[in-house]
Amino acid sequence: MRLIACLTPLLLAPALHAQSIVLDDFDSDPNDEAGGVREITSTVNFNPYGQTSTFDLLTGFSLDDIAGAVVFNSGIGVEHTGMINWDNNGAGLNLDAAGLGVVGFELDFLQIDQMFEVSILLETFDTTGSSASLTRKIGPALAPTTFAFDMGDFSTVGSFDLSDVDSVTITFNSESVNTPSLDFILTEFRATVPSPASVALLGLGGLVAVRRRR
């Protein structure tokens, strides 16, 4: 079932979330919630039948109380990788995730048709090769679903500094383990924090959207 064809009938209310910092909700706002403008790219790794495949930002997407989405739409048999990166146009985010009390990240999906792999990579520019990453399989989900990534499960390389995160990259359906014909709709990316006290520490860059899920 193609996701694009069934957007209109989906009128399911999203689940409520507790303390979280909205890093990107993919709507028509200035799009710098994570401290810099996002970059969305995709690569078709295998396309035996010449099918159309896309990975698109739809800022005008609207459904119930959801505004904005990223849609991954692969044709029959297509192995396709998508990436979203925030790094303040290469200048670095200077995100003090430790000071904010970030304990993990969350991805909200409206729908996923098959299980696939997602990786989150955090990098610090000040130290060459310093990073933290987590890869996991998620989905399928035919209703609005949140997938959580606990910071304690991330693997680190070098002297990674959570108080100075310069780049955040999410990779969907990596080339090494592509799921063919994958479709999904992503509606929000958030950092999770343990208490309201962490919210009071906000004072960096474009990280200004703190709220409960509507």
* Meets criteria (within 16 Å of Ser167 (Cα to Cα), buried (at least 18 other Cβ atoms within 10 Å of the Cβ) and of a type in the set (A, V, I, L, M)) for Leu122 -> yes
* To do: Those residues that are acidic (Asp, Glu) and either touching a helix residue (DSSP H, G or I) at 6+ places or on another chain (Cβ under 7 Å) or within 16 Å of Gly104 (Cβ to Cβ) (or both), I need them from segment 151-196; list them, please.
  => Asp153, Glu188
* Structure fact -> Leu95 vs (1) modelled with pLDDT of 95 or more; (2) buried (at least 19 other Cβ atoms within 10 Å of the Cβ); (3) of a type outside the set (D, E, K, R): all pass except (1)
* Taking segment 44-54 as the search range and keeping residues that are surrounded by 13 or more Cβ atoms within 10 Å (Cβ to Cβ) and β-branched (Val, Ile, Thr), which one is nearest to the chain's Cα centre (by Cα)? -> Thr54
* Asked: Is it true that some residue in segment 90-106 is more than 24 Å from Asp64 (Cα to Cα) and free of Cβ contacts under 8 Å to residues at least 60 places away in the same chain?
  -> yes
* Could you check segment 131-182 for strands (runs of 3 or more DSSP E) lying wholly inside it with 1 or more residues that are among the hydroxyl-bearing types (Ser, Thr, Tyr) and touching an Asp or Glu at 6+ places or on another chain (Cβ under 8 Å)? => 145-150, 167-172
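The values are calculated or read from the model by the stated rules, or taken from the named source; none is laboratory data. Treat the numbers as computed from the prediction; the structure is a model and nothing was measured. Methodologically, a virtual Cβ is constructed for each residue, glycine included, from the backbone with ideal geometry; neighbour enumeration extends over all protein chains shown.
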